[in-house]
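For reference, the structure discussed in these notes is given below.
The values are calculated or read from the model by the stated rules, or taken from the named source; none is laboratory data. Keep in mind that this is a model prediction, so the values were computed, not measured. Glycine gets a Cβ as well: all are built from the backbone with ideal geometry, and neighbour counts include every protein chain shown.
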Amino acid sequence: MEEEPHPIARERVAPAALPAAQSGTGRWALAGRLASGIAFVPVLVLLAQAGGPAFLAFVALEVALGLGEFYRMMRGRGLSPFQPLGIASGLALLWVSYRPLTPHVGFLMTGTLLLVLALELRRPQARQRVEDIAATSFGVLYVGWLSAHFVLLRELPWQVGRAYQDGASFVLLAFFLTWSCDTGAYTVGRLFGRNRPWVQISPRKSVEGSFGGLAFAVAAAFVARAWFAPYLALRDAAVLGLLVGVFAQVGDLVESLLKRDAQHVHSSDFIPGHGGVLDRFDSLYFAAPLVYYYLQIVVFRVP
């Protein structure tokens, strides 16, 4: 049985209204999407090249905003996640990733879990305690830990014996492949999309768009190899393009599933034309770990 929309939730709509709402405002939505993308790319390149605290601060901002959006959606579902603790834990994961030799990592994660459990004792009247605990912890893992792989990618040169500046290309590789996949899926889907098997999750996504995203991701991998990622062999470019082409779209669908469960069109309206931080980074949450572990294990063969 479908739940009734929460009367005070912002940006929430009934499930039947989602397809119409997602159509946006046509040209203005597309213009906002292009403008925000053009403005963001040079900033990302500069921060990736700088690395260090500057890039760490950028990812920390993304995590704080993303967790804020996630917990707001959970509150719209009638849950009460521990937002300050969740955000603090997500930021702590970034610090551990930035300083991988930080001792007592297990203690940090154990302490976070114990705090979440203990704080629930302060609300004996609550009726969804397990759900509140799960929402807090899942947000930390989904937004915090998956985002930590941006930092791990930027700091990967320390593990593989390459110049620190090379870390910028590792980060940009994940973004370039993912955004190419998103662009291909969006463009081909709009032009040729007919078959929509995921209507219960994301009504506007089509099989044709998915194949377009996959093709664009593979093509982007070969472009990246020739442009800024010469450490990729031809086989690596093909495999990595295929993997990102699949899993970036899975990440997009997962976030759509979460939004639909919370009856939200967008996670927020923070980024013009894109929605919220989660809307912009959902595919990257799946692609960045994949690129990191593929580079670490397959390309550079870190023991």
* What tally of residues in region 71-86 results from selecting those that are over 13 Å from PHE138 (Cβ atoms) and either crowded, with 22+ Cβ neighbours inside 10 Å or among the hydroxyl-bearing types (Ser, Thr, Tyr) (or both)? -> 1
* Restricting attention to region 257-289, which residues are farther than 21 Å from ALA220 by Cα, buried (at least 21 other Cβ atoms within 10 Å of the Cβ) and at pLDDT 85 or above? -> VAL277, LEU278, ASP279
* Asked: Out of all the residues in region 178-201, is one or more farther than 30 Å from SER97 by Cβ and touching a Leu at 6+ places or on another chain (Cβ under 6 Å)?
  -> yes
* Qualifying helices (runs of 4 or more DSSP H) (wholly inside region 121-201; at least 1 residues being of a type in the set (A, V, I, L, M) and free of Cβ contacts under 8 Å to residues at least 40 places away in the same chain) -> 129-139, 166-192
* Are any of the residues in region 161-168 more than 23 Å from LEU44 (Cα to Cα), within 17 Å of the chain's Cα centre (by Cα) and either at pLDDT 90 or above or assigned by TED's automatic domain parsing to the domain that holds LEU284 (or both)? -> no
* Asked: Looking at PHE211, is it at pLDDT 90 or above, in the same structural domain as ALA288 (by TED's automatic domain parsing) and surrounded by fewer than 21 Cβ atoms within 10 Å (Cβ to Cβ)?
  -> yes
* To do: Taking only region 55-101 into account, find how many residues are more than 28 Å from VAL160 (Cβ to Cβ) and either in a loop (DSSP other than H, G, I, E, B) or aliphatic (A, V, I, L, M) (or both).
  => 14
